[in-house]
Amino acid sequence: MTTMNIACALRRSALEAPEKIAVRHGDVELTYRDLAAQSAAFAGFLRQRGIGPGDRVGILMHNEPEWLTAMVGIWMVGAVVVPFNYMAHPAAIRHVTVDADVKVIVTPANDVARLLEGVVGLPVEASVVSVGEAEGAAFVWSEALANADPVADVAPRLDSDDAILMYTSGSTGSPKGVRQTHRNSTAIVEAEIDMWSLTAADHALVCTPLFHVGGLQLIALPILMVGGTVTLRRWKVAEYIADVQRLQPTFTALVAAMMIDIVHELDGHPMPLPSIRVCAIGGSALPQSRLRQLTELTGIVPVNIYGQTEQMGVSITEPINEARREGSLGKPMRHIVDTRVVVPDSSPPVDVEVGEVGELWVRGDAVTPGYWQLPATNAEKFVDGWLRTSDLVRFDEDGFVFYVDRTDDMIISGGENVFPQMVEGFLAACPLVAEVAVIGTPHERLSSQVTAIIVPTTTGVRVEDIVAYCDSEPNLRGLQRPRRIEIVQEIPRTATNKIDRPQLKKQFA
């Protein structure tokens, strides 16, 4: 085991360029000197509260500067960051607080009441830190920092020690805590810096949430590690485009829904955005027609990525120095992960042939050592050190990976496998379709039928119009053909802007 604490690397950026802007949010700008000083003060506050190595400290906040300041301060005392999903309801907040035994929680003043509703009666209720004054909060952020003795040193941690305990969305039950060690996050950040040649000259526009790997490990941490600038904002498509034009960022990340929002916002009118050098897009299968539209309208050539919370956000990506394969996620980042593709539910595990569909298994520096206090889940999800991802993929002969679907989203109709995200890709090419989600719903004869939930591009689009398009599309015939079509005004999304499939299944089953 080696000694490793991510806070050390981030503090080096402050020593090398103290006056450079590290974090921007609206009109607020923090230099690296500011970031280091405020982090040290928060670390001092935590020490005064008796927080030390291994303790868990929560952050319930969206993309705001205090998120990153608190994170570094937590690491400085050797504690573990517990990011709360900002959209979580009180019951989910309580579950995470109890499960992780969170000692302190930082939240904005406007969210104190919601937080307290979730933690009422728990010990942490007496240790809520409010950014801004709020009734019921035990401490105010500015006062806590002002009254603390700043910490000058960084608590040593082993590379196997937890740095972050990041909870999954819990779409299939209670949220599970994914352990992310100092080595996990450092490995993925260093790999991204190398993969995309990130330097101190890069500027990241972060609209994916920091409480998720898509905002934290994918984009914010690599830029802070190299001494670049991070601009934080929430997702509002028109404001995001204006920020790109005004601030000229070089690095950004989107999920598929955000990409579709940009295409709709521009409405066929080109708007070149030449400053963006790397635009990583992931989170779900990407409709190729929309990717082409994004490039045609903005000039951005997206970089497909694949990852999970359990893989620190990215383990497969398109090499930017190689010819791309349409529809491919790219290649595994071999220096941080090993991969294999296994016949689903085979025991003992049997690898599929090249070109065949199977479940992706991964292991390596970027892969979590396991779930927090869930031995039964760990026994199910890990086999001889391999993480079973529950994602179905296939490899081609050149090592490119093609995403197929989730094992639990696959529709078995008439005894045959139908992959929803494949059907979505063909439907997304229809000019009448703004957004689409495909799920399985009950069918008397077939057991399950392909059901398309569609947001139309214009009012007046009828089910019959979509049926006519399916008739004209060879790839939407047979069992892949949607037997049920629902026209809706919007498709529910999770806090990370992914399609909320469990909610759709509840709504239409």
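Per-residue packing, averaged as other Cβ atoms within 10 Å, sorts the ranges 212-224, 144-156 into the order 212-224, 144-156, beginning with the highest. Over segment 1-87, with a single point scatterer placed on each C-alpha, what log10 of the ratio I(q)/I(0) does the Debye formula yield at q = 0.19, 0.22 1/Å? Results for segment 1-87 at q = 0.19, 0.22 Å⁻¹ read -0.88, -1.10. Each residue of segment 340-346 was assigned a 3J(HN,Hα) from its phi angle through the Karplus expression (A = 6.51, B = -1.76, C = 1.60, θ = phi - 60°), giving 8, 10, 10, 4, x, 6, 6 Hz with x at Gly and Pro.
For segment 199-341, a Kirkwood hydrodynamic radius built from all Cα pairs, placed in the Stokes-Einstein relation at 4 °C and 1.567 mPa s, yields a translational diffusion coefficient of 84 µm²/s.
With both residues required to sit in segment 411-508, DSSP beta bridges show an antiparallel share near 80%.
Peptide packing: for 242-248, 493-499, the average count of neighbouring Cβ atoms within 10 Å per residue gives the ranking 493-499, 242-248, highest mean first.
Cross-link partners for LYS506 among the lysines, with Cα-Cα distance under 27 Å and sequence neighbours closer than 8 places in the same chain left out: LYS176, LYS381, LYS498. Shown here are the Rg and Dmax of the Cα trace of segment 30-167, at 13.7, 40 Å. Multiplying the residue separation of ALA200 and GLU353 by 0.36 nm and removing their Cα-Cα distance gives an extension gain of 50.8 nm.
Among 8-21, 128-141, sorting by the average number of other beta carbon atoms lying within 10 angstrom of each residue, highest first, gives 128-141, 8-21.
Per-residue extension of 0.36 nm, minus the Cα-Cα distance of ARG493 and ALA242, leaves a gain of 88.0 nm for this segment. Within segment 447-474, which residues have the backbone N less than 11 Å from the label spot 7 Å out from PHE508 along Cα→beta-carbon, could you tell me? Residues 449-455 fall inside that zone.
Amide hydrogen proximity for ILE59: with H placed 1.01 Å from N in the peptide plane, the residues at 5 or more positions away or on another chain lying under 5 Å are VAL82, PHE84, VAL106.
By its C-alpha gyration tensor, with a ≥ b ≥ c as the square roots of the eigenvalues, how is segment 397-509 shaped: rounded for a/c under 1.5, else prolate for a/b larger than b/c, else oblate? Here segment 397-509 falls in the rounded category. Taking the C-alpha atoms only, the angle from helix 90-100 to the longest principal axis of the chain is near 60 degrees.
The fraction of Cα-Cα pairs per 10 angstrom bin, counted from 0 for segment 168-222, comes to 21, 46, 25, 7, 0 percent, rounded to whole percents. Seen against the Cα atoms of the chain and their longest principal axis, helix 463-472 is set at about 70 degrees. Relative to a virtual label point 7 Å from the Cα of VAL28 in the Cα→beta-carbon direction, which members of segment 85-117 show backbone nitrogen distances below 16 Å? Taking a point 7 Å out along Cα→Cβ of VAL28, the residues of segment 85-117 whose backbone N falls under 16 Å are 106-112.
Convex hull of alpha carbon positions in the chain: directionally averaged projected area 24.1 nm².
Read-outs: derived from the displayed coordinates by stated rules, not from any lab. Everything numeric here is computed off the predicted structure, so don't read it as measured data. All Cβ positions, glycine included, derive from the backbone under ideal geometry; neighbour counts span all protein chains shown.
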